[in-house]
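Chemist: What follows is a single structure, and I will ask about it in a moment.
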Amino acid sequence: MLIETFNLGKIYPSSGWLSLFGKNGPGTTALSGVDLRLPPGTITGLTGPNGAGKSTLLRILSGRLTPDTGTIALDGTEADDAALRSRAALAETGTRNFYPRLSAADNLYFFGALYGLSRAAVRERTDALREPLGIGRNDLEKRVDALSEGAAQKLSLARALLRRASALFLDEPARNLDLQSAAGFSALIKDLAAKEGLAVLYAAHNPEELAKVCRRVLVMENGKIKG
Amino acid sequence: MILQILAFLRKDFLIEKSYKFSFILGAASTFTGMAVFFFIDKLFGRVMTPYLAEYGAGYFSYVFTAAAFFGYIGTGAGSYAERLRAEQLQGTLEASLAAPVPPAVFLTALTAWNFIFATFELAIYALAGIFIFKLDLSNANVPALAAVFLLSAVSFASLGIFSSCFILLFKRGNPAAWVLNNFEGLLGGVYFPIAVLPLWLQWFSKLLPVTYSIRALELALHKGAGFAELKVELLALALFALTLAPLSVTAFGAALKKARKDGTLGQY
């Protein structure tokens, strides 16, 4: 799936008392005039300093955040949030957005079901992802609140890869992974992009990590893509 | 849709099961609460009787059934905001809403467990009422009761959905819940008939769906009142349900859209 953005912009509203009455202050500009082209079957890197707008861009492209200006097209057709959510997957790092008192496996069953996947389908997909992501069988049976940061990160990646999305957006996916798991994940993403025609946008700070996986790397600063 | 609702049900059941003491303590507090009203009836029952004459029930029968019913329909009023807040605090709200689940399906799935558990609790209440506290429910008009339950559940669920919009947008500080929690019990006829209230307060009571729900319930249960005798109450409840239900789902959709626009869906 080809993903294109045209003049994408996002300003986060201010959060003062006046915002209750619709009187917002200037707000924070997170994105400004972003034009982007993500062809299918390619992995594009995205780097930049903290606060550059990388996460905001990923969240807009995955349909979790609505842009204020600009448009997004999927295979040449303008797409709204709902279309993006149904066709794109996002894996964020550093967030434990799972049910802590459920096992990792039960969490995957739940989120898989939200996308229409049966337990059997989730189990089959998880089995295929376990080895490349380095997920131990024991980790799947553990409660999420008992998982290490690395194991939780792998769970987040597994959830993003459960269904066969057309686009994949990764926000620091290898941050908490050990070297072997990071290498396995890189190989998996390259394989998925090539075989399933995924358009992948991979955000990270580490240039070596990006160089191993990405065909090209974009640099973001102050809400704009440089160059 | 069914798969998604079942997924929420299974998830919520597993989470509740993991809190082993919670269910046992909840059940125990139910019985102690009812015992308080039982002994209040024993102490003051005769004084309340003139206000209860039209219902054909003593104080304990009145309050037991009203409180049980209010607890059940209150599930609708309270559980949407409660569940949404829990999802916010766990960080799972945005991840769940990232899936292509329509708002109406999400809302149904979100509280399905609460309603099922409330039905189970209501059954326990009924059995306790009949076998422990010796309530006489033999006059009950079941079809009328079913209509009261259905219309009340829809009305209260709608109020609960409105309440959840505040949670979605403002996280804490929920004026809808404040009104529901502080006035429904006082003005709705749950703990005493509204005839006990001064006339000017009774006018406010008439603005609340709970007033019609409780009145219709008590008449259908204790006096066997049917659709003809309850037409005013059933019509009021139908109006509440038919107006509030679509409005509340629309409001939730709008609140969700705003939260996605502001980028606050993942905040708590």
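The values are calculated or read from the model by the stated rules, or taken from the named source; none is laboratory data. These numbers were taken from a predicted model, which means no experiment stands behind them. Neighbour counts are summed over all protein chains in view; Cβ atoms, including those assigned to glycine, are modelled from backbone coordinates with ideal geometry. Each accessible area value is taken on the protein alone, full model and side chains, heavy atoms only, with ligands, DNA and RNA left out. Shrake-Rupley method; radii C 1.70, N 1.55, O 1.52, S 1.80 Å.
Chemist: For chain B, calculate the relative contact order in percent as a whole number, restricting contacts to Cα pairs under 8 Å that are 6 or more residues apart.
Modeler: It comes to 27 percent, rounded to a whole number.
Chemist: On average, how much accessible surface per residue is there in segment A:1-144, in Å², for a 1.4 Å probe, leaving out ligands, DNA and RNA?
Modeler: Using a 1.4 Å probe on heavy atoms only, each residue of segment A:1-144 averages 44 Å².
Chemist: Note down the relative contact order for segment A:98-227 as a percent, whole number, built from C-alpha pairs under 8 angstrom at least six residues apart.
Modeler: Relative contact order comes out at 23 percent.
Chemist: If you take all C-alpha pairs in segment B:170-234, what percent of them are over 21 Å apart?
Modeler: That tail contains 32 percent of the Cα-Cα pairs.
Chemist: For the protein assembly as shown, give me the percentage of DSSP beta bridges that are antiparallel, rounded to the nearest 5 percent.
Modeler: Percent antiparallel among DSSP bridges in the protein assembly as shown is about 50.
Chemist: What's the Kirkwood radius of segment B:91-140 in Å, using all Cα pairs?
Modeler: After inverting the mean inverse Cα-Cα distance, the result is 13.7 Å.
Chemist: In whole percent, how big is the carbon plus sulfur part of the accessible area of the protein assembly as shown, probe 1.4 Å, protein atoms only?
Modeler: Using a 1.4 Å probe with all protein chains present, the protein assembly as shown comes out at 63 percent carbon and sulfur.
Chemist: Residues of A:2-13, mean number of Cβ from any other protein chain within 10 Å of their own Cβ, rounded to a whole number?
Modeler: The mean count of partner-chain Cβ atoms within 10 Å per residue comes to 1.
Chemist: Go ahead and set up a Gaussian network model of chain A, Cα springs under 10 Å, then flag whichever of A:THR66, A:THR42, A:THR126 fluctuates most.
Modeler: Of A:THR66, A:THR42, A:THR126, the Gaussian network model singles out A:THR66 as fluctuating most.
Chemist: DSSP H helices in chain A with Cα extent of 15 Å or more along the helix axis and mean Kyte-Doolittle hydropathy at least 0.5?
Modeler: TM-like helix candidates: A:104-114.
Chemist: Which whole-number percentage describes the relative contact order of chain A, with Cα contacts under 8 Å and a sequence gap of 6 or more?
Modeler: 31 percent
Chemist: Strictly greater than 26 Å: what percent of every Cα pair in chain B meets that?
Modeler: Within chain B, distances greater than 26 Å cover 45 percent of Cα pairs.
Chemist: Pick out the long, greasy-scoring helices in chain B: whole DSSP H runs spanning 30 Å or more along their own axis by Cα, mean Kyte-Doolittle at least -0.5.
Modeler: Length and hydropathy pass: B:20-52, B:59-90, B:103-131, B:142-170, B:231-262.
Chemist: Given the protein assembly as shown, what whole percent of its Cα pairs are spread farther than 37 Å?
Modeler: Looking at the protein assembly as shown, the distances longer than 37 Å represent 40 percent of pairs.
Chemist: Rounded to the nearest 100 Å², what's the accessible area chains A and B bury against each other, both chains counted, probe 1.4 Å?
Modeler: For A against B, buried area totals roughly 2600 Å².
Chemist: Straight-line reach from A:LYS224: which aspartates and glutamates fall under 13 Å, measuring Cα to Cα and dropping same-chain residues less than 8 apart?
Modeler: Correct list for A:LYS224: A:ASP35.
Chemist: Please report the base-10 log of the normalised intensity I(q)/I(0) for chain A, using a Debye sum with one equal scatterer per alpha carbon and no solvent, at each q in 0.08, 0.18 (1/Å).
Modeler: So the normalised log intensities work out to -0.30, -1.34.
Chemist: On a straight-distance basis, which lysines could pair with A:LYS226 in a cross-link, Cα separation under 18 angstrom, same-chain partners fewer than 8 positions away excluded?
Modeler: A:LYS10, A:LYS54
Chemist: Using only the Cα atoms of segment B:143-268, what do you get for the radius of gyration and for Dmax, in Å?
Modeler: 16.8, 54
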